[in-house]
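> Handing you a structure now.
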Amino acid sequence: MAITTTDRITLSPNLKIQQGTFHVAVWGCQMNVYDADRIRDLMSAAGYVEQAEPNGADIIILVTCAVRAKAEDKVFNQLGAWRHQGVTDDHTIIALGGCVGAELAEQILKLDPTIAIVFGPRTAHRLPHMVSSYKATGDKVVDVQAEALEKFDALPEQGQRGPSAFVTIMEGCSNKCSYCIVPYTRGEEDSRPEQDILDEIVTHIDHGVKEINLLGQNVNSYRGLTPDGQVSSFANLLYEVAAIPGLERLRFTTSNPMEFTDDIIAAIHDLPVIADYIHIPVQSGSDRILKLMRRNYTADSYRELVAKLRQARPNIYISTDIIVGFPGETDEDFAETMRLVNDVKFDSGFSFIYSKRPGTPAAELDDPVPLEHKKQNLYVLQETLEKYAQQYSQGMLGTTQRVLVEGVSRKNAHELKARTSNNRVVILEGDRDLIGQMVTVNITEVMTHTLRGVRC
Ligand code: 5AD
Ligand code: SF4
């Protein structure tokens with residue numbers, strides 16, 4: 001039988017007895033990465049010990065993504081594979097959270113009977129309580145409903161995880177783009193109070209963090225309260241964050257083109273701490289499709305926005321998301337998308353084939369275009385996006401860049417991995433004590449997806 005917990009957890013400082021081990025697997029967007037880190041902090045504070053590998057962990061926590069059907073399938077396939085390989089057994093407590101948790105809730109217990117706990121993006125803070133309840137009673141727990149901002153008050157202080165940190169500034173999304181499941185999994189938009197965000201950032205900087213990435217499904221519509229009860233704006237928040245001493249670099253994601261107001265562009269112009277990189281999903285270059293997507297802007301207004309941003313910050317690199325094969329997309333619509341891509345010349349782009357998401361308005365639309373044709377269009381688009389990405393990288397050859405050294409290179413443990421302001425990864429030689437430092441490099445080589453640099 002499934003029960004629902006609604007109690008807030010209270011963590012006792014004496015609760016440090018070892019409760020067992022846990023492993024966290026995370027899929028999807030940066031907001032999930034933030035939630036997963038907070039879950040790690042919470043479980044550790046409750047006396048559980050994290051292990052990097054899933055083998056033999058007492059509790060496996062899955063932070064999932066529902067944005068496309070493929071992402072959702074991956075979670076269930078992974079669970080099947082772990083069981084098959086003996087990584088998990090009948091004693092493993094499996095807790096499925098994130099967007100799939102909120103989307104499917106009770107149904108998950110039928111889809112995979114080995115799952116014991118289902119939680120959502122808004123109830124992550126109750127996880128230790130759910131685990132205790134399941135351990136005590138053996139009753140499965142489904143708990144996916146909460147106020148948007150409740151978790152931020154209930155989570156412990158963040159652990160230290162490298163020189164760059166995510167800070168969620170708002171939860172949910174109220175835009176209801178017709179293809180997107182996020183408003184139904186993360187719920188309606190709500191902004192955190194400004195002071196809570198500033199305090200979290202100051203704590204990070206005190207712990208050595210150099211770069212902050214402000215997160216939200218639609219950061220431009222941030223409307224948190226100021227300490228004197230006024231409604232703030234995203235532009236205002238940017239000025240406040242930029243004034244924090246010790247902050248070397250500020251990023252934010254995701255920005256909806258619809259609410260990219262002139263005060264935000266002015267902040268990007270005024271505040272050199274904001275990185276030379278911005279992600280602005282356009283989704284399509286066809287006005288007909290943008291209307292069906294309920295995006296509330298046109299291809300030309302997007303072009304104008306890019307022009308204004310490039311005027312405000314000539315070095316800014318712009319990346320985007322594009323959906324190929326939205327229901328009813330014709331070859332003319334796709335040609336309009338390609339025209340936009342060639343006009344804007346994105347620095348990089350993420351592109352996806354439309355995935356029908358149950359319960360969204362677009363799921364009701366006729367979709368006669370064969371998948372094979374959509375795949376061909378995706379290929380054409382990706383070739384073009386890749387061509388521009390390579391051109392921008394080539395343009396960086398011989399330049400001097402200030403980079404933040406993030407850690408050890410994944411391919412070679414004797415090399416370091418760093419990131420430029422425009423979000424390119426640079427591999428360089430150097431001592432590990434450079435990790436967490438800003439250093440200056442000359443770009444000496446352009447590789448397929450990374451650059452090579454030498455300190456100067
Ligand atoms: N199908 C394909 N791609 C989608 N995205 C969101 N919903 C869908 C969907 N149903 C893409 C959008 C968004 C990115 C995070 O995922 O491009 O910007
Ligand atoms: Fe989904 Fe649109 Fe909200 Fe982005 S802005 S999360 S695409 S509904």
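The values are calculated or read from the model by the stated rules, or taken from the named source; none is laboratory data. Just so you know, these numbers come straight off a predicted model, no measurement behind them. As a convention, Cβ positions derive from the backbone with ideal geometry for all residues, glycine included, and neighbour counts pool all protein chains shown. Note: accessible area is taken over every heavy atom of the protein model, side chains too, but ligands, DNA and RNA are not part of it. Shrake-Rupley method; radii C 1.70, N 1.55, O 1.52, S 1.80 Å.
> When a/c reaches 1.5 or more, the comparison of a/b and b/c decides; with that in mind, is the range 112-182 rounded, prolate or oblate per its Cα gyration tensor?
In terms of gyration-tensor shape, oblate.
> With a 1.4 Å probe and every protein chain left in place, work out the accessible area per residue of the range 350-407 in Å², rounded to a whole number.
Roughly 56 Å² per residue, with all protein chains present.
> So, in the range 321-423, how many Lys pairs have Cα atoms under 28 Å apart, if the pair is 8 or more places apart or on different chains?
10
> Name the residue farthest towards the positive end of the dipole of the chain from the options V131, A146, S351, assuming +1 on Cβ of Lys and Arg, -1 on Cβ of Asp and Glu, about the Cα centre.
S351
> Ignoring any ligand, DNA or RNA, what whole percent of the accessible area of the chain comes from carbon and sulfur when the probe is 1.4 angstrom?
Exposed carbon and sulfur together represent 50 percent of the surface.
> Round to a whole angstrom and tell me the spacing of the C-alpha centers of the range 164-201 and the range 415-446.
After rounding, the separation between the Cα centres reads 31 Å.
> Tell me, Kirkwood radius of the range 279-367 from alpha-carbon pair distances, in Å?
After inverting the mean inverse Cα-Cα distance, the result is 13.6 Å.
> Just to confirm a number: summing +1 for Lys and Arg and -1 for Asp and Glu over residues other than G328 whose beta-carbon lies under 9 angstrom from that of G328, what do you get?
Combined, the nearby Lys, Arg, Asp and Glu give -3.
> Kindly sort L79, L109, L292 by accessible area of their heavy atoms, largest first, with the probe set to 1.4 Å.
Sorted by accessible area, descending: L292, L109, L79.
> If you roll a 1.4 Å probe over the heavy atoms of the protein chains, what accessible area per residue do you get for the range 109-158, in Å²?
On a per-residue basis, the range 109-158 sits at 38 Å².
> Right, another one. Report the convex hull volume per residue for the range 68-188, counting only C-alpha atoms, in Å³.
In the range 68-188, the Cα hull volume divided by residue count equals 147 Å³.
> Provide the solvent-accessible area of Y184, counting protein heavy atoms only and rolling a 1.4 Å probe, rounded to the nearest 10 Å².
Estimated to the nearest 10 Å², Y184 gives 100 Å².
> Aspartates and glutamates near K140 by alpha-carbon distance under 18 Å, same-chain residues fewer than 8 away left out - which ones?
Once the sequence-local aspartates and glutamates are set aside, what remains near K140 is D7, D58, D89, D90, E103, E106, D112.
> Which lysines have a Cα less than 16 Å from the Cα of K291, not counting those fewer than 8 places away in the same chain?
K291 reaches K176.
> A follow-up question, please. At 1.4 Å probe size, with no ligands or nucleic acids counted, give the accessible surface of R402 in Å², nearest ten.
In the full protein context, R402 sits at about 120 Å².
> Sorting H373, H204 by accessible area (1.4 Å probe), largest first, what list results?
Accessible-area ranking of H373, H204, largest first: H373, H204.
> Hey, if you drop one equal point scatterer on each alpha-carbon of the range 200-317 and run the Debye formula without solvent, what base-10 log of I(q)/I(0) do you get at q = 0.13, 0.16, 0.17, 0.19 Å⁻¹?
Listed by q, the Debye log ratios stand at -0.55, -0.80, -0.89, -1.06.
> If we count every other residue with Cβ under 15 angstrom of Q437's Cβ, Lys/Arg +1 and Asp/Glu -1, where does the sum land?
Here the count lands on +1.
> Right, here's the next one. At a probe radius of 1.4 Å, what is the per-residue accessible area of R161, in Å² to the nearest 10?
So the heavy atoms of R161 present about 90 Å² to solvent.
> If you take the charge dipole of the chain about its Cα centre, with +1 on Lys and Arg Cβ and -1 on Asp and Glu Cβ, which of I280, L79, F166 is farthest toward its positive end?
Sorting the options by dipole projection puts first L79.
> Keeping all protein chains in place and using 1.4 angstrom, which order do S221, S233 fall into by accessible surface area, from largest down?
S233, S221
> Also, I was wondering about something else. Assuming a ≥ b ≥ c are the square roots of the Cα gyration tensor eigenvalues, decide whether the range 409-448 counts as rounded (a/c under 1.5), prolate (otherwise, with a/b larger than b/c) or oblate.
oblate
> Considering all projection directions equally, how large on average is the shadow of the alpha-carbon convex hull of the chain, in square nanometres?
Approximately 22.5 nm², given one-decimal rounding.
> Based on the Kirkwood radius over alpha-carbon pairs, what value in µm²/s does the Stokes-Einstein equation return for the translational diffusion coefficient of the range 222-281 at 20 °C and 1.002 mPa s?
It comes out at roughly 174 µm²/s.
> I want the local charge near H373. Using Cβ-Cβ distances under 14 Å, sum +1 for each Lys or Arg and -1 for each Asp or Glu among the other residues.
-4
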